[in-house]
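Report on the structure given below.
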Amino acid sequence: MIINLRKKLTQLTPLLLLLSLSPALYADAQLDEQLLDVAASGTQAQLQMLIEKGANIDAPGKFGKRSLMFAAEAGHVDMVAVLLSYGAEVNARMRTGETALTMAVEAGHSEVTALLIEMGANVHDRTRTGLDSLMIAARDGNANIVAQLLQFGADVRSSDQKGNSALMYAVLGEHVDVVDALFRYSNQVAPCVPNNIGMTSLMVALTKGNQVIIEMLLKRSKNVDFQDNFGAAALHYAAQYNNARAAVYLVEKLGAKLDIQDADNATPLFYAAREGHSEVITYLLSKGADKGITNRNGKRAAEVAQAANKLKVVELLQ
Amino acid sequence: MNRGFSTLSLSLLALSMLLGSVAQAEITAVDAVVIEALQKTPDRDNGKRLYYACAVCHTPEGWGSPSGYYPQIAGQHRSVLLKQLADIYKGNRDNPTMSPFTTSLFKLGSQALADLAAYIEALPMVPNNSLGMGGDGLVSGKKLYEDNCQNCHEANGEGKAAEFYPRIHGQHFRYLQRQMVWIKNGKRRNSDKEMVEQVHNFSYADIDAVSDYVSRMKPEQSRLADHLDWRNPDFRAGFKTVPRE
């Protein structure tokens, strides 16, 4: 009988211990939860009070989201400063891969990003979508954050799963100040590096038509005869999008080949002909572009213009 | 806290200096806020509150880092602090980290600026700022300082508050050196025109020599903290900052 009782007591010991500790554990868990709530939408004083009471500043909430991430995402600079001053882990990641820095960058809170970066946040971290902080800031047009990241060694040459770099994102969004910041704070930005479909930032800029960005990129372009996955070079794009100024720069300053042919053997003249851009056609012809070249279908530029009903330029191409 | 600031006379001087420095051009709205801030009576508690985020990098004591990556700002003239904040805000001085903070500060207005600047000005300076290598260069450093810098920064590097010339004595050697290199290569664009010309004529050895000499100029004892372990009592012990090296 006594042996049985003793055996039962031994078996119950862990349970009794847990029961005696549980109020303390429960109270701690509540403090941690409150801290997360306050970090998202409270005040600096409330936050400080909870920390002083013993809340764990690095306690993870749902999906591993911590108080620093909540405060960073919400743009609470004062609370971010408090958490950092208490030693919150600056590079903790959520299960989704996001960090306090990527969240602050996504939300465009440049004071928060400044504090996080100065306190050692990893500027190379990527989210699960494959974007790093620099690409996100470039995509969203936040030049100041781009500059902060570059000052701390963010890699301008890195690209996402589609091969798009920060420069490509800035060009796509036509963010002039971001393109300027990229060139000002890094000497490794290359406008002629292609993405996965072979398009360079210069080509994308020519499709967008932002002349300020195009000129910034042209000044720094080198291998301008690089061809995309369909064989088109920058001059093809300039011709197709009726950018005579860019065509002049490409030909006269950068030595672009006038009669470079794409996968269908079409030269820039064909692209301009198809769209009926007389100014570009006149310029290309004045520089000696060959209007006798035929494409893969055996047609000349004039015939392509005729087929596209661009009758005004047919005469120029005859 | 005010350390002898006669706000009205200073602000009048400030106004005339700003007018002079922009060649009678219109005073920008930002400059007007700075002038207004110089006339305000500072609220120390609000200054302390505003300084919290600054302390993460500049340290609670405002002593910066011996490496000079972060400058010592403690004890700096209020007018100089405000001018630098204004220059960063206006884009005359590149500082992507500070820039968003200046945007918020100028949004808060002249009283907040006055509070913050006065709080920083009242902080005691570091008793052992980092120095250069010393040696023979100090002789030429002294000569260069007397010939080129003394007129504005004064004999002991105390600067001229009313004319926005910064206090440079007690500053970290590397910080002084880097700023002069940046002025020489054009990266720092908000300096006095005459100083830019002078620094352009300095060799890099000259910059090292004069920075070393200036870093060894000692502020008055009353401006220094009692000892190296002095900690700002407005901040709790164990306040984490960027690495102090």
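Mind checking the full-extension length gain between A:E89 and A:L172? Use 0.36 nm per residue of separation minus the Cα-Cα distance, one decimal, nm.
On the way: separation 83, 0.36 × 83 = 29.88 nm, distance 3.44 nm.
Length gained between A:E89 and A:L172: 26.4 nm.
Distance between the C-alpha centers of segment A:138-204 and segment B:102-150? Whole Å please.
Using only Cα atoms, the two centres lie 36 Å from each other.
Could you look at segment B:142-245 and say what percent of its accessible area is carbon and sulfur, using a 1.4 Å probe and all protein chains?
Taking all protein chains in place, segment B:142-245 shows 50 percent carbon and sulfur surface.
With labels modelled as points extended 7 Å from the Cα through the Cβ direction, what inter-label distance (nm, one decimal) is found for B:Q39 paired with A:R296?
7.5 nm
At q = 0.08 Å⁻¹, what log₁₀ I(q)/I(0) does the protein assembly as shown have when each alpha carbon counts as one equal point scatterer in the Debye sum?
Debye intensities relative to I(0), on a log10 scale: -0.71.
Counting only protein heavy atoms and a 1.4 Å probe, tell me what percentage of segment A:188-237's accessible area is made up of carbon and sulfur.
Numbers: 1090 of 2030 Å².
The value for segment A:188-237 is 54 percent carbon and sulfur by accessible area.
Would you please name the trypsin sites (Lys or Arg not before Pro) within segment B:196-238 that are DSSP coil residues with at most 15 other C-beta atoms within 10 Å of their C-beta? Don't jump to the answer; show the numbers that get you there.
On the way: sites: B:R216, B:R223, B:R231, B:R236; in loops: B:R216, B:R231, B:R236.
Of the trypsin sites (Lys or Arg not before Pro), the ones in loops of segment B:196-238 whose Cβ has at most 15 other Cβ atoms within 10 Å are B:R231, B:R236.
Using a 1.4 angstrom probe, figure out how much accessible area segment A:192-318 has per residue, in square angstrom, rounded to the nearest whole. Present the calculation step by step, with values, prior to reporting the outcome.
On the way: 6050 Å² over 127 residues.
In whole numbers, segment A:192-318 has 48 Å² accessible per residue.
Accessible area drop of at least 10 Å² (1.4 Å probe, protein heavy atoms): which residues of segment A:93-118 qualify, relative to the chain alone?
Residues meeting the cut-off: A:S110, A:E111, A:A114, A:L115, A:E118.
What spacing in nm lies between the two simple spin-label points modelled at A:T10 and A:F63, each 7 Å away from Cα in the Cβ direction?
Here the modelled spin labels are 4.8 nm apart.
Accessible area lost on pairing A with B, both sides, 1.4 Å probe, Å² to nearest 100? Walk me through the numbers before you get to the answer.
Working: alone 16060 and 12100 Å², together 26380 Å².
Accessible area lost upon association: around 1800 Å².
Once the whole set of protein chains is in place, how much accessible area is left on A:Y86, using a 1.4 Å probe, in Å² to the nearest 10?
Looks like 50 Å² after rounding.
Mean Kyte-Doolittle of at least 0.5 and a Cα length of 27 Å or more along the axis: which whole DSSP H helices of chain A meet both?
Details: long enough: A:2-41 (58 Å, 0.57).
The qualifying helices are A:2-41.
Give the span of segment A:94-213's Cα atoms along each principal axis, as three whole-Å numbers ordered largest to smallest.
So the extents along the principal axes, rounded to whole Å, are 38, 27, 23.
Looking at chain A, identify the longest residue range that excludes and avoids all GluC sites (Glu not before Pro) in DSSP loops having at most 16 other Cβ atoms within 10 Å.
On the way: sites that count: A:E89, A:E174.
Longest gap between qualifying sites, sites excluded: A:175-318.
How would A:T207, B:T102 rank on accessible area, largest to smallest, probe 1.4 Å?
Numbers: A:T207 45, B:T102 0 Å².
The ranking, largest first, comes out as A:T207, B:T102.
Ignoring ligands, DNA and RNA, what percent of the accessible area of segment A:259-306 is carbon or sulfur (1.4 Å)? Please report the intermediate quantities before stating the final value.
On the way: 830 of 2200 Å².
Carbon-and-sulfur percentage of accessible area, whole number: 38.
How compact is segment B:98-151 by the rule of thumb for globular proteins, expressed as Cα Rg over 2.2 N^0.38 Å? Could the numbers behind the result be given before it?
Details: Rg = 18.3 Å, N = 54, 2.2 N^0.38 = 10.0 Å.
So segment B:98-151 has a normalised radius of gyration of 1.82.
Out of B:V33, B:V196, B:V139, any idea which swings most in a Gaussian network model of chain B, alpha carbons joined below 10 Å?
Among B:V33, B:V196, B:V139, the largest GNM mean-square fluctuation belongs to B:V139.
Could you give me the radius of gyration and the Dmax of segment B:137-223, taking only the C-alpha atoms into account and expressing both in angstrom?
Calculated on Cα positions, Rg and Dmax stand at 12.0, 36 Å.
Once you've got the GNM for chain B with C-alpha springs shorter than 10 Å, pick whichever of B:G68, B:G159, B:G109 has the biggest mean-square fluctuation.
So, out of B:G68, B:G159, B:G109, the one fluctuating most is B:G109.
Restricting to Cα atoms and excluding each atom paired with itself, what does the Kirkwood estimate give for chain A in Å?
23.4 Å
Residues of chain B: accessible area per residue at 1.4 Å, in Å²?
On the way: 11200 Å² over 245 residues.
Here the per-residue accessible area is 46 Å².
Quick check: net charge around A:G231, other residues with Cβ under 9 Å of its Cβ, Lys/Arg +1 and Asp/Glu -1?
Numbers: positive: none; negative: A:D228, A:D262, A:D264.
Overall, the nearby charge balance is -3.
The values are calculated or read from the model by the stated rules, or taken from the named source; none is laboratory data. Note that the structure is a prediction, hence the values are computed from the model and not measured. Note: ideal-geometry Cβ built from the backbone for every residue, glycine included; neighbour counts use all protein chains shown. Accessible surface is based on the protein model in full, side chains and every heavy atom, while ligands, DNA and RNA are left aside. Shrake-Rupley method; radii C 1.70, N 1.55, O 1.52, S 1.80 Å.
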